[in-house]
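Peer 1: Before anything else, here's the structure in question.
The values are calculated or read from the model by the stated rules, or taken from the named source; none is laboratory data. Everything numeric here is computed off the predicted structure, so don't read it as measured data. Don't worry about glycine lacking a Cβ; one is built from the backbone with ideal geometry, like all the others, and counts go over all protein chains shown.
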Amino acid sequence: MTEILPTARIKSGDSSVTIRVASIVKRFRFKEFLIEKFILVNSFAAIIGVILIFLFIFRESLPLFTDSEIQQEASLDKFVTQKEWQPVSDNPRYAFFPLLVGTLKAVGVASLFAIPLSILAAIYTTEFAPRRLREFFKPGVEMLAGIPSVVLGFFALIVMATFLQNMFGYSFRLNAFNAGIALGLAIIPTIYSVSEDALNAVPRALREASLALGASSWQTAYRIVLSVALPGVLAGVILGVARAIGETMIVLMASGNAALVSGSIFDSIRTFSATIAAELAEVVFGSAHYHTLFFIGSVLFAITLLFNILAHLAVGRLQKRLAGK
Amino acid sequence: MKSNPRRSPDLVFKILTGTAMLLILAILAVIVGNIVIHGYGTVTFEFLTSEPLEGMTEGGIFPAIFGTVALVILMIVAVIPIGVMTAIYLQEYANPNSIFTKSIRFAVNNLAGVPSIVFGLFGLGFFIQFVGRNMDRAIGADVLWGQPSLIWAALTLALLNLPVVVVSAEEALRVVPREHREASLALGGTKWQTIRRVILPQALPGILTGAILSISRGAGEVAPIMFTGAAYYLPYLPTSPTDQFMELGYHIYVMSTQSPDVEATKPILYGTVLVLLILTLLLNFVAILIRYRMRIKMKQVA
């Protein structure tokens with residue numbers, strides 16, 4: 001870009017002028033060079049941040065693999081073979097299975113609730129809604145995204161739990177179902193906006209061609225627009241589910257936090273993220289329990305990283321598709 | 001109009017999708033409405049300016065508001081310059097196809113996806129246990145930096161919000177017309193002069209949007225500050241970056257899960273939730289408004 005600067009033009013003219021201008025340009029460029037490098041160094045921050053997060057979360061979980069004294073109490077082997085999550089007792093046990101069941105139940109309920117709802121709403125926004133209304137939907141959903149998760153957790157705990165209990169008549173107020181619905185509310189904006197962007201990016205010409213060939217508007221929406229935008233919609237779903245797995249305050253407040261293993265979604269659960277939040281404050285620094293909580297953190301970090309990469313690939317696929325390749 | 005048999009599935013599909021949209025907006029309205037109705041009576045000037053009394057069943061939430069504001073200010077000071085410079089680099093200097101640029105983008109995207117509780121763990125493991133402890137060792141203090149405090153919580157939140165700022169600033173830079181850059185360069189402006197005098201002033205509303213969104217998110221996140229500095233109750237206000245602090249979101253969490261008498265706490269709890277909700281939604285609304293006006297302006301220029 002800098003080649004557009006005066007040097008290029010003046011070189012064709014008087015040579016003495018060239019030298020003088022060139023030297024001015026050079027002095028300027030030294031400052032420019034410094035500024036550019038300074039900005040460059042700053043933009044390392046994100047990369048350094050991600051690397052540091054990985055290093056430090058993982059570093060704190062390393063003793064589980066290397067320290068034999070810690071391994072007496074907690075190790076990968078024990079996470080799998082033990083049956084209960086009972087870190088605070090004379091004989092502490094750290095089984096991952098109850099937490100896995102809890103997380104799957106909450107995320108499952110959230111997905112079943114949020115995914116269809118958000119995708120249908122996105123289709124309505126791009127395909128059917130009157131123009132005026134459309135301008136109103138996106139900010140509306142952004143408002144939902146703006147509600148802090150602690151407020152959603154509060155609402156699920158104080159209001160929604162009682163409401164849902166009266167409606168379905170189950171015995172424990174706080175359970176996987178209640179937490180899952182609240183979790184669903186938190187991920188609706190993610191799935192909705194990514195899907196809406198994808199649907200919006202489908203060229204008008206495709207819709208018009210479909211309609212001109214005699215397809216009805218729902219056939220066009222379903223068979224043409226949705227199927228072209230599918231990778232983008234999928235990316236939204238992946239990002240939403242990743243968020244549900246990592247979301248903490250809502251499940252911490254609305255799920256009851258008992259690490260039970262059962263098949264019912266109306267039983268209380270304890271998820272991976274809520275376990276960290278509930279137990280880290282009282283844990284003894286450097287104990288097996290402490291390192292186990294950091295290990296759970298590493299697992300969450302790895303899962304979200306994987307999901308992000310998948311979403312990224314899906315978006316790439318959509319872009320390729322839209323570019324006609 | 002005659003009923004066309006092919007039109008009826010159209011109508012069903014339209015109603016189905018429209019109901020989904022309506023349901024989402026209705027849930028939003030119910031949540032906000034419920035909180036406004038129950039919290040409205042509690043939020044008075046006195047509530048906002050006095051301290052909690054009688055184990056949180058009476059009094060106000062001033063220390064929590066103060067702590068939240070202090071936290072957010074420190075966070076903004078840390079995240080805005082770095083976030084904006086990252087965006088400038090990506091948008092103005094970088095070769096978009098280089099591996100380095102791609103890795104910055106990859107890192108920013110991933111940072112946005114990392115669960116907030118993991119940021120909390122990171123804040124504890126890195127800022128407090130590693131940086132703080134080593135600073136204490138270096139200055140020979142007993143425990144000054146190596147404990148949960150305002151500054152570590154703010155830096156943890158800053159890292160969490162880096163993607164928000166980068167993405168908004170980048171979008172703002174992207175919509176500055178190419179011709180403006182070329183005009184400035186053709187008039188002899190250097191790259192940096194062009195960025196500082198031509199591009200940044202135009203991108204300012206977008207950068208502001210990012211700042212506001214990150215404030216809104218920073219004020220609402222609880223998981224990252226639970227172990228890095230927030231306290232349940234403090235008899236004094238934080239006066240230095242190494243103090244602990246009370247915070248609105250954390251206050252809500254503690255009051256709603258650990259209160260000995262939930263019914264007695266409820267009015268105060270609802271009041272606190274309403275204050276936090278107004279704060280975050282108002283900020284979001286302003287950000288949306290700025291972005292909306294910016295887009296209209298861009299359409300006029302183009």
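Peer 1: Suppose we filter B:ASN134, B:ASN95 for residues that are away from chain A (no Cβ under 12 Å) and surrounded by fewer than 24 Cβ atoms within 10 Å (Cβ to Cβ); which single one remains?
Peer 2: B:ASN134
Peer 1: Same structure again: Would the stretch B:16-28 turn up any residue that is more than 14 Å from every other protein chain (Cβ to nearest Cβ), more than 21 Å from A:LEU164 (Cα to Cα) and in contact with a helix residue (DSSP H, G or I) (Cβ under 9 Å, 6 or more places away or on another chain)?
Peer 2: Checking the stretch B:16-28: not a single residue is more than 14 Å from every other protein chain (Cβ to nearest Cβ), more than 21 Å from A:LEU164 (Cα to Cα) and in contact with a helix residue (DSSP H, G or I) (Cβ under 9 Å, 6 or more places away or on another chain).
Peer 1: Let me ask something else about it. Given the structure, is A:LEU185 assigned to a helix (DSSP H, G or I), in the same structural domain as A:TRP85 (by TED's automatic domain parsing), crowded, with 20+ Cβ neighbours inside 10 Å and within 17 Å of the chain's Cα centre (by Cα)?
Peer 2: Yes: the conditions hold for A:LEU185.
Peer 1: Let me ask something additional. Could you please tell me which pairs satisfy a Cβ distance under 8 Å, a separation of 6+ or placement on different chains, a first residue in the stretch A:195-224 that is more than 12 Å from chain B (Cβ to nearest Cβ), and a second residue that is among the polar types (S, T, N, Q) and assigned to a helix (DSSP H, G or I)?
Peer 2: Here the result reads A:ASN200/A:THR126; A:ARG207/A:THR220; A:SER210/A:GLN219; A:SER210/A:THR220; A:ILE224/A:SER210, each pair linking the stretch A:195-224 to a residue that is among the polar types (S, T, N, Q) and assigned to a helix (DSSP H, G or I).
Peer 1: Further question: Filter the stretch A:193-251 down to the residues that are surrounded by fewer than 17 Cβ atoms within 10 Å (Cβ to Cβ) and not in a helix (DSSP H, G or I) and list them by number.
Peer 2: A:PRO203, A:LEU213, A:GLY214
Peer 1: Also, quick follow-up: Got a sec? Which of B:PHE45, B:PHE100, B:PHE122 is within 10 Å of chain A (Cβ to nearest Cβ) and over 22 Å from A:VAL150 (Cβ atoms)?
Peer 2: From the options B:PHE45, B:PHE100, B:PHE122, the qualifying one is B:PHE100.
Peer 1: Here is a follow-up. If we scan the stretch A:21-34, do we find a residue that is of a type in the set (Ser, Thr, Tyr) and modelled with pLDDT of 85 or more?
Peer 2: no
Peer 1: Next question. Search the stretch A:272-301 for residues being in a loop (DSSP other than H, G, I, E, B) and more than 10 Å from chain B (Cβ to nearest Cβ), and hand back the single one that is surrounded by the most Cβ atoms within 10 Å (Cβ to Cβ).
Peer 2: Looking at the filtered set, the residue picked out is A:SER287.
Peer 1: Of all residues in the stretch B:256-271, which are facing chain A (nearest Cβ under 9 Å) and not charged (D, E, K, R)?
Peer 2: Matches in the stretch B:256-271: B:SER256, B:THR257, B:VAL262, B:LEU269, B:TYR270.
Peer 1: Now, a different point. Exactly one condition in (1) in contact with a Ser or Thr (Cβ under 8 Å, 6 or more places away or on another chain); (2) away from every other protein chain (no Cβ under 14 Å); (3) closer than 22 Å to A:ILE269 by Cα is false for A:LEU64; which is it?
Peer 2: Among (1) in contact with a Ser or Thr (Cβ under 8 Å, 6 or more places away or on another chain); (2) away from every other protein chain (no Cβ under 14 Å); (3) closer than 22 Å to A:ILE269 by Cα, A:LEU64 violates only (3).
Peer 1: Here is a follow-up. Would you point out which residue out of B:ALA107, B:ALA141 is of a type in the set (A, V, I, L, M) and more than 9 Å from chain A (Cβ to nearest Cβ)?
Peer 2: Answer to the check: B:ALA141.
Peer 1: For the stretch B:68-87, state whether one or more residues are surrounded by fewer than 20 Cβ atoms within 10 Å (Cβ to Cβ), more than 7 Å from chain A (Cβ to nearest Cβ) and modelled with pLDDT under 90.
Peer 2: No.
Peer 1: Moving on. Does A:ALA122 qualify as being over 23 Å from B:ALA287 (Cβ atoms) and either modelled with pLDDT of 90 or more or crowded, with 20+ Cβ neighbours inside 10 Å (or both)?
Peer 2: no
Peer 1: Shifting gears a bit: So for the stretch B:1-10 (the condition being surrounded by 18 or more Cβ atoms within 10 Å (Cβ to Cβ) and modelled with pLDDT of 80 or more), does at least one residue qualify?
Peer 2: Within the stretch B:1-10 (the criterion being surrounded by 18 or more Cβ atoms within 10 Å (Cβ to Cβ) and modelled with pLDDT of 80 or more), the answer is no, since none of the residues qualifies.
Peer 1: Now, a different point. Based on this model, can you work out whether A:GLY180 counts as buried (at least 19 other Cβ atoms within 10 Å of the Cβ), within 12 Å of chain B (Cβ to nearest Cβ), under 30 Å from B:GLN258 (Cα atoms) and touching a residue at least 40 places away in the same chain (Cβ under 8 Å)?
Peer 2: Criteria not met by A:GLY180.
Peer 1: Which condition number does A:LEU104 fail, the rest of (1) over 25 Å from A:ALA278 (Cβ atoms); (2) modelled with pLDDT of 85 or more being met?
Peer 2: (1)
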